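Written below as structure tokens is the structure these notes are about.
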Amino acid sequence: MDYGIQTTFMNEVLDNYFSGKSNYDIYLGLGLSNEGGNANMNDFIEPDIAAGYTKQPFVCTSAIDGVSHNANEIVFNTATADWTTNGRVIDKVGLFNKVITTNSLGEVVESYVLWCVLPLVPAETVIAGDTVIINTNAIRLQLTNK
């Protein structure tokens, strides 16, 4: 008898959620260092949208052996003002699920649910005029039996 999570199951889960085969909209966000909350999903702080920051679409490759990577280069908007101030750096990324609902007035409302937080190594300092680029295959999502 073979127990544990099977590779075919892991591939199917990753493919359905991250490789574009599902109806989910996945986005990548950048997280600022936060004393006492660096790995806490409740304390995930993003740069200010007034400084040109927005989350970017996140598309993954199909999973092979329970591993999927970002399928393309992820380019964030050029910073119109400093994103890292007061000694903070961008030291993590977050994967978000975009949720579209309708409010009581019948207006479409977009929100984002943070699914996971991953470290960004090395950490980045972003000043006005900088553009953050995450290379293809730089983010690895893996399901494992261990």
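Each Lys and Arg Cβ is given +1 and each Asp and Glu Cβ -1; about its Cα centre, segment 63-145 then shows a dipole of about 180 debye.
With both labels modelled 7 Å from their Cα along Cα-to-Cβ, the residue 138 to residue 77 distance reads 1.9 nm. Note on segment 98-141: Kirkwood hydrodynamic radius from all Cα pairs is 14.3 Å, rounded to one decimal.
Read-outs throughout are calculated quantities, based only on the coordinates presented, and are distinct from any laboratory measurement. These numbers come from a predicted model, not from an experiment. Positions of Cβ are backbone-derived with ideal geometry, glycine not excepted, and every protein chain shown enters the neighbour counts.
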